[in-house]
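Okay, structure first, notes after.
The values are calculated or read from the model by the stated rules, or taken from the named source; none is laboratory data. Not measured: the values here are computed from a predicted model. No Cβ is skipped: glycine too gets one built from the backbone with ideal geometry, and neighbour counts run over all protein chains shown. Protein only, heavy atoms only, side chains kept; ligands, DNA and RNA dropped before computing areas. Shrake-Rupley method; radii C 1.70, N 1.55, O 1.52, S 1.80 Å.
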Amino acid sequence: MIHASNDNPILDDPRLASLTSWDADWADLRVVVLGIGISGFAAADTLIELGARVVVIDGRDSEANRQKAETLGIVGSADVLLGAQAVAGLPQVDGQDPQLVVTSPGFRPDDPVLSEAVARGIQIWGDVELAWRIRERAGRPTAAWVCITGTNGKTTTVQMAEAMLQAGGLKALAVGNVGTPILDALRDPVDYDVLAVELSSFQLHWAHSVSPLAAVCLNVAEDHVDWHGGFENYVADKSRIYENCQVAAVYNVSDPRTRQMVEEADVVEGCRAIGFTAGNPDVSMLGVVEDLLVDRAFLDDRRNQALEVGLVESIKPVPTPHGVTNALAAAALARAAGVSGEDIAQGLAAWEPGGHRIQPVAKTFGVVWVDDSKATNPHAAAASLSAFDPVVWIAGGLAKGTDSSALVAAHARRLRAVVLIGTDNDRLEAALAASAPDVPILRAADGLEDASDGEAVMRAAVEAAHRVAVDGDTVLMAPAAASMDQFRDYAHRGDAFARSVADLVERLS
């Protein structure tokens, strides 16, 4: 059973507790916004529009940040402070202590500014908490939220959900960690019916009172343990996705932790636990029967009937097991919002995946080259490796405190060779030595003058993979690690791979 509660957390400051709509009294509220990136800028801009007195601080004094600071000054910020000294401590606002701190996801809970705010009893929100509190606005409809988190598959699932909701005739938009700040969507003149909200564990950590129509945690595996200070803290923050859920708390049947999260969540009376599985579904689940995606949860006679919500073969780019479960999770959210099975199937068929997600980029003499740069942790890489055999695996990068032992042990038999990129590979190499001692390891940076030059490293990696790959192999770039040691982000890493493979194809032709 799942626990029911209609109570949101009660905040100590009575003024903050009253701020539950756009039309509440935000005037002259003293706020420090930590970070001037995408979410921080949106939070500051929104609060200024609401009439708050806002000081923004950021540790990077870059040209881009100075331009953002100038813009915020024009629209009415109290101050913008940049550079290392700006984030050494909590600043005052108009000569007084702030009443609220709004933090960006990149700042860890033990950041000095946040630690000082906690010590002084100042409430901390994230941009998602702020967005939830201003979502209601006089004269405009209030969009429902369906929320998605998980170690892997969030962006794919939120985009699938958006396509399904739109196919059902709803004005829907994918927002949050997917790229479009949720605060920007709320200030958009479009009156949305539903927002499909992708939430990272960082964002959930600072979300106190969100009450989604439906929510899902797709899976939980070791990731971001450095930010959270341990795996259990990471799991606890992921579990916040289900708090105050109204209609459907959706969980992964094959991941017992997600079911436990649902069982322990305080949800609104009447909220149902809905499972999804790549196998045959039981009652109150979505799953697969032969080549059909089916719903046995959101129909009256679910004990005796199943409703078709799509075709397995329609899942792009290829219907991998995790692609199937992502589609079923998205379908559960869409069904909770009232979308028909037929419309869900049409939305799924029309959906196109984003780049760098198990994306074939070329074929050379029987060797398929696949870009899955979005696989930034071992759990994501496992999903990729399970789809191909045999594999020349391009891997490595910033490990973020994760352990690759289970990943390598599970997929060692698939590996023809491993080509290492990245600068933080001690644990990965130890795992390979333990579980795949006979698999050749090629280090792409060996012999290069600058191991931090990602473009050069990737060219060398592609050349090394080409030397060992044979007809029938897949060269899979699924690094199981973050990219920022040698690349701007995972997209830059994927683009570098695609360019290097294109150069190889041109030379071979």
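Worth pointing out:
- Check on Thr423, part of a loop (DSSP other than H, G, I, E, B), hydroxyl-bearing (Ser, Thr, Tyr) and open to solvent by 20 Å² or more (accessible area, probe 1.4 Å): yes
- Selection within region 405-420 - closer than 26 Å to Val470 by Cβ and surrounded by fewer than 23 Cβ atoms within 10 Å (Cβ to Cβ): Ala409, Ala410, His411, Ala412, Arg413, Arg414, Arg416, Ala417
- The listed residues are Thr155, Thr149, and the only one of them that is at pLDDT 95 or above and open to solvent by less than 20 Å² (accessible area, probe 1.4 Å) turns out to be Thr149.
- Residues in region 160-172 that are in contact with a strand residue (DSSP E or B) (Cβ under 8 Å, 6 or more places away or on another chain) and surrounded by fewer than 23 Cβ atoms within 10 Å (Cβ to Cβ): Leu170, Lys171.
- Cross-chain or 6+ apart pairs with Cβ under 8 Å, region 106-128 first and within 19 Å of Ala44 (Cα to Cα), then polar (S, T, N, Q) and at pLDDT below 95: Gly126/Ser39; Gly126/Ser104; Gly126/Gln203; Asp127/Ser39; Asp127/Ser104; Asp127/Gln203; Val128/Gln203
- Within region 87-121, being of a type in the set (A, V, I, L, M), open to solvent by 10 Å² or more (accessible area, probe 1.4 Å) and touching a strand residue (DSSP E or B) at 6+ places or on another chain (Cβ under 6 Å) holds for one residue alone: Val87.
- Residue in region 68-76 that is over 24 Å from the mean Cα position of the chain (by Cα), of a type in the set (D, E, K, R) and surrounded by 19 or more Cβ atoms within 10 Å (Cβ to Cβ) present: yes
- Selection count, region 38-71, where residues are in contact with a helix residue (DSSP H, G or I) (Cβ under 6 Å, 6 or more places away or on another chain) and over 22 Å from Arg133 (Cα atoms): 4
- Qualifying residue in region 353-368 (condition: more than 20 Å from the chain's Cα centre (by Cα) and crowded, with 24+ Cβ neighbours inside 10 Å): no
- Of the residues screened, Val178 is not one that is touching a Phe, Trp or Tyr at 6+ places or on another chain (Cβ under 7 Å), of a type outside the set (S, T, N, Q), in contact (Cβ under 8 Å) with a residue 24 or more places away in the chain and part of a loop (DSSP other than H, G, I, E, B).
- Being over 16 Å from His356 (Cβ atoms) and either surrounded by 14 or more Cβ atoms within 10 Å (Cβ to Cβ) or within 29 Å of the chain's Cα centre (by Cα) (or both) holds for only one residue in Ala433, Ala451, and it is Ala451.
- Whichever residue in region 287-333 is open to solvent by less than 20 Å² (accessible area, probe 1.4 Å) and part of a loop (DSSP other than H, G, I, E, B) and, among such residues, is farthest from Trp351 (Cα to Cα): Ala297
- Count of region 257-272 residues which are open to solvent by less than 30 Å² (accessible area, probe 1.4 Å) and not in a strand (DSSP E or B): 5
- In region 25-46, the residues that are farther than 21 Å from Ala64 by Cα and either polar (S, T, N, Q) or open to solvent by less than 10 Å² (accessible area, probe 1.4 Å) (or both): Trp26, Leu29, Val31
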